[in-house]
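Q: Dumping the structure here so I can ask a few things about it.
Nothing in this text is a laboratory measurement; each read-out follows from the coordinates by a stated rule. The structure displayed is predicted, hence computed values, not measured ones. Virtual Cβ from ideal backbone geometry, glycine too; neighbours counted across all protein chains shown.
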Amino acid sequence: MSESETSGWLARLRQGLARSSSKLASGIGALFGRRVLDEAALEDLEDLLITADIGVNTSARLVEALRAQKLGRDITADEVRNALAAEIEKILEPVAKPLAFDPEKKPHVVLVVGVNGAGKTTTIGKIAKTLKDQGLGVVMAAGDTFRAAAVEQLQVWGKRTGCPVMARETGADAAGVAFDALKLATARKDDVLLIDTAGRLHNRKELMQELEKISRVLKKLVPDAPHTTLLVLDATTGQNAHQQVDIFKEMVHVDGLAMTKLDGTAKGGVVVSIAEKHGIPVHYAGVGESAEDLRPFSARDYARGLMGLPLGE
């Protein structure tokens, strides 16, 4: 990204995390005007972190780190926020890994999974736009064949980005759509194939069978496909996102995460607890509707943004 694009993204990230950071910053400000960091203060802080969806175990870890550094000392709200941001960055750093597309794969096949409403289709469109702007060839597959709206939405992104979209009638076999899309992308020597899928968790067995069939059919053409399985999580679901990770890990090998709708929630702390508990790479953070609002995940920027601190420093 250029310098102006970077500064624009950081401004959007800070704004997107504002609901989460204002809850934490105001809470920390109320707790620590200037106060000795004692056990009562730490207990209050732990309660605050838990209410921000950072999770019980992760909140305890953050508080323990603060106890080890600062117990018995006078401390200000800014010092607490900076100390917590540094500890959160340590948790996020191992999982902050941009999605790398293998140039040896023609195409690199990405299977995109997640519950209905998480933002899978929009995320695919945004990734396609970013890759196309980088000069890569991209094909999209409308594999959520039970939702006409999902197919239409992907077709809109196809027109917007100039990327072909493989689609069939409502109710068509999703594996067949994925197979045809892979044939098309291979014939065109495109760089990336992005495959949308259904997310009907109420019928988990059928969904698992469908995802298994898609993978099996892809392997007939490309034995090591899909190369990446990307799980899209809606941050507004808070701690329920953990359950979604567990469910999809039962069905498929999840290679990485895209966190969406961070701008619509005060529960942005859930990313920290997911990182600590699951250790799955977080590839993308999404803070809005436009393609520019989905960017590779940065541990430092996210940690500081969550605490309402200046970004890009």
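Q: Only Cα pairs within less than 10 Å get springs; with that Gaussian network setup on the chain, which residue of 268, 27, 114 has the largest fluctuation?
A: Fluctuation is largest for 27.
Q: Could you pull the Rg and Dmax for the stretch 201-313, using just the Cα atoms, both in Å?
A: For the stretch 201-313, the Cα-based Rg and Dmax read 15.8, 50 Å.
Q: May I ask you to sort 213, 129 by Cβ crowding, counting other Cβ atoms within 10 Å and putting the fewest first?
A: 213, 129
Q: Here is a further query. Give the aspartates and glutamates whose C-alpha is closer than 15 Å to that of residue 219, dropping any in the same chain fewer than 8 places away, or say none.
A: 180, 210
Q: To continue, here is another question. What relative contact order, as a whole-number percentage, does the stretch 45-156 give when Cα pairs under 8 Å and 6 or more residues apart are counted?
A: 13
Q: If you count, for each residue, the other Cβ atoms within 10 Å and average over each peptide, how do 101-108, 217-224 line up from highest to lowest?
A: 101-108, 217-224
Q: Taking every eigenvalue of the Cα gyration tensor of the stretch 172-227, multiplying by 5 and rooting it, what semi-axes result, largest first, whole Å?
A: 22, 11, 9
Q: P(r) for the stretch 1-120: what percent of alpha-carbon pairs falls in each 10 Å bin, starting at zero?
A: Over the stretch 1-120, the share of Cα pairs per 10 Å bin runs 11, 32, 28, 18, 9, 2 percent.
Q: If a/c stays under 1.5 just call it rounded; otherwise compare a/b with b/c (prolate if a/b is bigger, oblate if not). Do that for the stretch 125-228, with a ≥ b ≥ c from the square roots of the Cα gyration tensor eigenvalues.
A: In terms of gyration-tensor shape, oblate.
Q: Given 10 Å bins starting at zero, what is the percent of C-alpha pairs of the chain in each, up to the one with the largest pair distance?
A: 6, 27, 31, 20, 10, 5, 1
Q: Give the lysines reachable from residue 120 as a straight Cα distance under 16 Å; neighbours fewer than 8 places away on the same chain don't count.
A: Within reach: 129, 261.
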